[in-house]
Amino acid sequence: MANLLRNRLNPADWAITVVDRDNEHCYQPGFLFVPFGIYSPRQLVKDRAGLLPKGVEFVAAAIEQINPVKGEVLVAGGEILPYDLLIVATGTDIVPSETPGMLDGWRDTVFDFYTMDGSAALAQKLEAFKGGTLAVHINEMPVKCPVAPLEFTFLSDWYFTQRKLRQAVDIVFVTPLPGAFTKPVAAAALGALLDERKIRVVPEFGTERVDAAARKLIGYDGREVAYDLLVTVPTNMGAEVIERAGMGNELRFIPTDPKTLRSKKYENIFVLGDATDLPSSKAGSVVHFQAEILAGNIERAIAGKPLAGEFDGHANCFVETGRGKAILIDFNYEVEPLPGRFPFPIIGPMPLLKPGRINHLGKLAFRWIYWNMMLKGRPIPFIPNRMKMAGKKRPGPAPGKTK
Amino acid sequence: MPQRLFGTATVDVDADGFMTDFAQWTREVAAAIAKEEAIAELTPAHWKVIEFMHKEFKEIGQVPSIRKLNKSGVVTTKELYDLFPSGPAKKAAKIAGMKKPEGCV
């Protein structure tokens with residue numbers, strides 16, 4: 001946003017300040033690969049200051065309080081930052097303490113890969129894992145990067161196959177969702193892939209607690225899932241400061257207009273990314289598409305013009321499936337992930353909802369694009385902010401009919 | 001738009017069987033949907049949840065999540081799973097005549 005807005009707003013009229021808790025910007029999509037030794041944590045961090053343009057002030061401090069009525073942000077150390085316009089992008093984090101018993105086994109038999117430390121610790125654990133049941137688990141929706149647990153599952157299958165240990169490892173995917181995915185077309189595609197790789201799925205599992213001593217997940221309905229190693233995505237919640245400021249819902253996410261990205265309660269506060277309560281996925285691509293639209297709305301707000309309701313919930317996500325391939329899904333609020341080709345009909349080059357090598361290469365190449373284009377506010381060619389139907393095949397009216 | 005007949009009432013539903021027009025909901029419709037969801041009878045405990053869902057939707061415009069229901073004090077998560085087994089937020093929403101709860105993935 002800083003990069004997008006510094007270009008558009010006259011420095012004589014508008015000062016831009018970015019506040020973040022430290023100077024370390026992490027490439028979060030890379031955390032998935034750390035447990036498997038594909039990336040090291042060092043490769044995933046850059047200084048925040050270096051990513052910001054000239055003419056933007058950077059304050060590296062924890063945010064203690066936001067006062068929406070007074071229009072002030074209070075940071076650790078006592079500095080008060082008054083604002084005329086505020087963009088909140090405080091994200092979401094895992095909160096394992098929300099599930100009784102989860103922390104009892106933490107970093108012993110229960111691991112996460114949503115944090116730098118967690119994924120590094122898991123790398124060591126996986127290297128030493130010689131057999132037993134590996135449970136990959138989603139505690140409660142929504143979570144950020146909802147495909148990551150599936151990716152982790154596929155990569156585990158590949159990892160243990162490489163090490164000739166796959167027969168000794170029983171991989172089970174435990175989810176509160178009705179299947180691998182909520183939407184039917186993608187659920188069928190991904191479910192079939194899980195089947196093929198001999199990965200058990202335990203759906204509709206509402207986790208009541210973890211019995212770390214007995215190594216079991218216990219569901220509200222009485223079902224239990226035994227494991228030797230639990231890789232979990234704990235409950236995701238927004239930043240604690242959102243609760244302190246009285247700005248969030250029961251998960252500390254901020255009620256936001258789904259199309260304009262303005263907060264529902266405060267006219268001069270806009271919300272971006274995981275910190276919103278929008279029904280779109282909490283995904284990096286979503287933030288990217290939101291950002292370009294939000295920049296336009298900030299300009300309109302400043303000019304006193306009506307905001308444009310342009311954001312359509314567009315998300316575009318790679319789903320790593322191991323073995324050098326990945327699936328690409330492209331969807332929005334209205335349209336579920338559909339098969340076809342992206343971004344262009346027929347010529348693609350990326351297949352949708354089907355594993356492909358080019359998608360896997362795309363996922364890896366994305367790290368460069370992230371640091372050098374996306375964060376700097378440079379447009380990504382051919383990828384529209386609003387989802388396009390071009391290249392997609394809608395399911396036919398009569399299932400079973402051939403063309 | 002597909003339609004279903006519940007008792008004497010005809011209602012519009014989406015592909016998953018969720019009502020698309022809340023004005024058509026009645027307690028009779030709710031009981032009929034419940035039966036299809038393998039809930040033989042709606043007890044006062046069920047109705048408390050349904051009424052809370054209506055209130056939330058009216059005030060906030062969103063179908064409450066399991067967490068919201070738990071925090072509301074109307075019902076605990078454990079009770080919710082007992083009342084509406086297997087995917088309770090979705091099941092309760094369907095019986096309450098609400099749209100399918102959001103959540104892409």
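One table, with the values for the structure above:
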{"item": "Checklist (1) aromatic (Phe, Trp, Tyr); (2) within 14 Å of chain B (Cβ to nearest Cβ); (3) surrounded by fewer than 21 Cβ atoms within 10 Å (Cβ to Cβ) applied to A:Phe253, failing item", "result": "(3)"}
{"item": "Residue list for segment A:161-172, filter: assigned to a helix (DSSP H, G or I) and touching a helix residue (DSSP H, G or I) at 6+ places or on another chain (Cβ under 7 Å)", "result": "A:Arg166"}
{"item": "Scan of segment A:146-162 for residues that are over 18 Å from A:Phe111 (Cβ atoms) and not hydrophobic (A, V, I, L, M, F, W, C), ordered by number", "result": "A:Pro146, A:Thr161, A:Gln162"}
{"item": "Test for A:Glu267: is it surrounded by fewer than 17 Cβ atoms within 10 Å (Cβ to Cβ) and away from chain B (no Cβ under 13 Å)", "result": "yes"}
{"item": "Single residue of A:Ala186, A:Ala212, A:Ala239 found to be of a type in the set (A, V, I, L, M), touching an Asp or Glu at 6+ places or on another chain (Cβ under 8 Å), facing chain B (nearest Cβ under 10 Å) and touching a residue at least 40 places away in the same chain (Cβ under 8 Å)", "result": "A:Ala186"}
{"item": "Every residue from segment B:56-69 that is more than 25 Å from B:Phe6 (Cβ to Cβ) and either at pLDDT 90 or above or not in a loop (DSSP other than H, G, I, E, B) (or both)", "result": "B:Glu59, B:Ile60, B:Ile66, B:Arg67, B:Lys68"}
{"item": "Residue in segment A:272-294 that is modelled with pLDDT of 95 or more and in a loop (DSSP other than H, G, I, E, B) present", "result": "yes"}
{"item": "Count - residues of segment A:137-185 that are touching a strand residue (DSSP E or B) at 6+ places or on another chain (Cβ under 6 Å), closer than 16 Å to A:Glu204 by Cβ and aliphatic (A, V, I, L, M)", "result": "3"}
{"item": "Test result for A:Pro203, crowded, with 16+ Cβ neighbours inside 10 Å, at the interface with chain B (Cβ under 10 Å from one of its Cβ atoms) and within 19 Å of B:Lys78 (Cβ to Cβ)", "result": "no"}
{"item": "Whichever residue in segment A:120-139 is closer than 14 Å to A:Phe36 by Cα and of a type outside the set (A, V, I, L, M, F, W, C) and, among such residues, is surrounded by the most Cβ atoms within 10 Å (Cβ to Cβ)", "result": "A:Lys125"}
{"item": "Selection count where residues are crowded, with 18+ Cβ neighbours inside 10 Å, assigned to a loop (DSSP other than H, G, I, E, B), within 11 Å of chain A (Cβ to nearest Cβ) and at pLDDT 90 or above, scope segment B:70-105", "result": "1"}
{"item": "Within segment A:198-251, strands (runs of 3 or more DSSP E) holding 3 or more residues that are under 21 Å from the mean Cα position of the chain (by Cα)", "result": "A:229-233, A:236-238"}
{"item": "Neighbours by Cβ (under 8 Å, 6+ apart or cross-chain): first from segment A:375-389, in a loop (DSSP other than H, G, I, E, B); second β-branched (Val, Ile, Thr) and surrounded by 12 or more Cβ atoms within 10 Å (Cβ to Cβ)", "result": "A:Ile380/A:Ile369; A:Asn385/A:Ile293; A:Met387/A:Val335; A:Met389/A:Val335"}
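Yes/no per residue for (1) within 14 Å of the chain's Cα centre (by Cα); (2) crowded, with 20+ Cβ neighbours inside 10 Å; (3) more than 9 Å from chain A (Cβ to nearest Cβ); (4) not charged (D, E, K, R):
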{"site": "B:Leu42", "(1), (2), (3), (4)": "yes, no, yes, yes"}
{"site": "B:Lys48", "(1), (2), (3), (4)": "yes, no, yes, no"}
{"site": "B:Gly61", "(1), (2), (3), (4)": "no, no, yes, yes"}
{"site": "B:Lys68", "(1), (2), (3), (4)": "no, no, no, no"}
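The values are calculated or read from the model by the stated rules, or taken from the named source; none is laboratory data. Nothing here was measured: the structure is a model prediction, and the numbers come from that model. Glycine also receives a Cβ, built like all others from the backbone with ideal geometry; neighbour counts cover every protein chain displayed.
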